[in-house]
1. Have a look at Ser79, Ser112 and point out the one that is at pLDDT below 95, farther than 29 Å from Ile214 by Cα, surrounded by 17 or more Cβ atoms within 10 Å (Cβ to Cβ) and not aliphatic (A, V, I, L, M).
2. Out of all the residues in region 117-128, which are open to solvent by less than 60 Å² (accessible area, probe 1.4 Å) and either touching a strand residue (DSSP E or B) at 6+ places or on another chain (Cβ under 7 Å) or of a type in the set (Phe, Trp, Tyr) (or both)?
3. Take region 257-274 and flag every residue that is away from ligand 2 (no atom under 15 Å from the Cβ) and either more than 19 Å from Gly132 (Cα to Cα) or more than 12 Å from the chain's Cα centre (by Cα) (or both).
4. Which of (1) under 28 Å from Glu346 (Cα atoms); (2) out of contact with any strand residue (DSSP E or B) (no Cβ under 6 Å at 6 or more places or on another chain) is the odd one out, the single condition Phe65 does not satisfy?
5. Is it the case that some residue within region 256-269 is more than 16 Å from Ile170 (Cβ to Cβ), out of contact with any Asp or Glu (no Cβ under 6 Å at 6 or more places or on another chain) and surrounded by fewer than 17 Cβ atoms within 10 Å (Cβ to Cβ)?
6. Could you tell me whether any residue of region 96-109 is out of contact with any Pro (no Cβ under 6 Å at 6 or more places or on another chain), surrounded by 12 or more Cβ atoms within 10 Å (Cβ to Cβ), over 30 Å from Thr331 (Cβ atoms) and at pLDDT 95 or above?
7. Taking the condition of being at pLDDT below 95 and crowded, with 20+ Cβ neighbours inside 10 Å, how many residues in region 226-255 meet it?
8. So in region 270-280, with the set limited to residues that are open to solvent by 10 Å² or more (accessible area, probe 1.4 Å) and of a type outside the set (D, E, K, R), which one is farthest from ligand 1 (Cβ to nearest atom)?
Amino acid sequence: MKIAILPGDGIGTEIIEEAVKVLNALGQPFDMESAPVGGAGYEAHGHPLPEGTLKLAKEADAILFGAVGDWKYDTLERSLRPEQAILGLRKHLTLFANFRPAILYPELVGASTLKPEVVSGLDILIVRELNGDIYFGQPRGVREAPDGLFKGAREGFDTMRYAEPEIRRIAHVAFQAARKRGKRLTSVDKANVLETFQFWKDIVTDVHKEYPDIELDHMYVDNAAMQLVRAPKKFDVIVTGNMFGDILSDAAAMLTGSIGMLPSASLDANSKGLYEPSHGSAPDIAGKGIANPLATILSAAMMLRFSLNLPAEADRIENAVKKVLAQGLRTPDIHEAGTTKVGTAEMGDAVVKALA
Ligand code: IPM
Ligand code: MG
């Protein structure tokens, strides 16, 4: 089983090191190969997604990804910025289904900014479409406005669009995910304003006919944002487009106390996937050895379950993470009085020890 290891920038390298440590401790014959991506790809080969890195990602059975980005690249032209690495991988490998679970571990209930009764026991799943929407829609750019009140003035524009098959495939993924959980699916749209999302709603409604055992409801994205902080436990599975999913998944992450705890999976139609923590490269704390590696370690567990067909090993990792939390070990992002503050490597070592 070949795993492409793409650490990226900032804390990416530190957290990936811990996840690799944990994978190595499982005693499985993984063939792991690393390549630079993001700012590191730009430094090494002049491009955030170097050809060799893309080739490795295509060959591998699964990809473990750290994080990309640093302020120092913000002035580069868009096609060379680190973010293009992750967008490029999603597109080139047709990783269209993004799973972002938001689970609150009982030990961390005090780490959330929300009241314990609102979040305790939280277990929701956001299924975000990753290949379409305004993220990739053409045309886009800056031009002279062709019409309207500001005709002739410079304007920036992007295009929101979703093709029917694109909506159908993500809807199927979401209904099937709901079937394995609480059997409830909320489709989030903006059908009251946007043509694209009225169409989205109509197609999801049509796909629902094939899943009579699943309860489907529809919610506008503004209301969904409100409900996520008002009564998040009312959700089971949420399915939405690329842009709304980006925003809502950050909000959902914070319900759990720390974005440093949340893994994610981006899958193609054959369950090949890219696995990454939901957080970014956090250049402000890079190199300090204090980043929380658990989201990346849990992403490795998701990889074993979804792409490498090793559910027992995935369970082992997840149980080990629960164990270190129960032992009271906390990186600074989840630290509170009465617990033991540890660094990135110490946390990784503790998970390895807890595997036994
Ligand atoms: C995410 C990130 C990315 C996105 C960025 C880094 C391009 O915010 O994975 O949520 O917008 O999809
Ligand atoms: Mg995001």
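1. Ser112
2. If the condition is that a residue be open to solvent by less than 60 Å² (accessible area, probe 1.4 Å) and either touching a strand residue (DSSP E or B) at 6+ places or on another chain (Cβ under 7 Å) or of a type in the set (Phe, Trp, Tyr) (or both), then Leu122, Ile124, Leu125, Ile126, Val127, Arg128 are the ones that fit.
3. Correct list: Gly257, Ser258, Met261, Asp268, Ala269, Asn270, Ser271, Lys272.
4. The one condition Phe65 does not meet is (2).
5. Our first condition is that a residue be more than 16 Å from Ile170 (Cβ to Cβ); within region 256-269, this holds for 256-263.
From what's left, out of contact with any Asp or Glu (no Cβ under 6 Å at 6 or more places or on another chain): 256-257, 259, 261-263.
Narrowing further to those that are surrounded by fewer than 17 Cβ atoms within 10 Å (Cβ to Cβ): none.
Among the residues of region 256-269, not one is more than 16 Å from Ile170 (Cβ to Cβ), out of contact with any Asp or Glu (no Cβ under 6 Å at 6 or more places or on another chain) and surrounded by fewer than 17 Cβ atoms within 10 Å (Cβ to Cβ), which makes the answer no.
6. yes
7. Final tally of qualifying residues: 4.
8. Asn270
The values are calculated or read from the model by the stated rules, or taken from the named source; none is laboratory data. If you're wondering where the values come from, they're calculated on a predicted model, not measured in any experiment. Note: ideal-geometry Cβ built from the backbone for every residue, glycine included; neighbour counts use all protein chains shown. With ligands, DNA and RNA removed, areas are computed over all heavy atoms of the protein, side chains included. Shrake-Rupley method; radii C 1.70, N 1.55, O 1.52, S 1.80 Å.
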